[in-house]
Every structure is written in C-alpha cells, then in structure tokens.
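Asks: Dumping the structure here so I can ask a few things about it.
Only the coordinates and a few stated rules stand behind these numbers; no lab work does. From a predicted model like this one, the values you see are computed outputs, not experimental measurements. Positions of Cβ are generated from backbone atoms using ideal geometry, with glycine treated the same way; all protein chains shown enter the neighbour counts.
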Amino acid sequence: MVQGGSDFDVADLGMVRSRFPDRHVTLDGDVITVWPPARQQG
C-alpha cells in the first residue's frame with residue numbers, strides 16, 4: 001500500500017499496475033493498494 005499526501009491520479013495507478021502486471025491494484029483517492037496474489041486451492 002502506498003499513501004500519498006494528496007490524491008493519486010489514473011497515471012499513477014497505471015505506473016503501479018505496470019510494475020505489478022500479475023497483481024490486482026486499486027486506487028482510492030490518496031491510497032494505491034497492490035493486493036496479494038489469490039491463494040491457490042489444491
């Protein structure tokens with residue numbers, strides 16, 4: 001999770017998503033979250 005002093009924008013989200021292509025990344029104002037990979041059931 002990255003928290004900024006002001007809101008992030010779509011360009012910031014895109015940059016983080018490009019660094020973590022196999023992960024779910026969300027943007028909520030001033031917080032970008034890189035979610036852990038889904039657990040494999042087996």
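Asks: Mind putting together the pair-distance distribution for the stretch 3-42? All Cα pairs, 5 Å bins, whole percent per bin, short to long.
Replies: 6, 24, 29, 18, 11, 6, 4, 2, 0
Asks: Specify the angular offset, from 0 to 90 degrees and rounded to the nearest 10, of the alpha carbon long axis of helix 10-19 from the longest principal axis of the alpha carbons in the chain.
Replies: 40 degrees
Asks: Calculated from DSSP H runs of 4 or more alone, at -39500 (n - 2.57) each and per residue, what is the 222 nm mean residue ellipticity of the chain, nearest 500?
Replies: -7000 deg cm²/dmol
Asks: Charges on Cβ only, +1 for Lys and Arg, -1 for Asp and Glu, centred on the Cα centroid of the chain; of 41, 26, 1, which one is farthest towards the dipole's positive end?
Replies: 41
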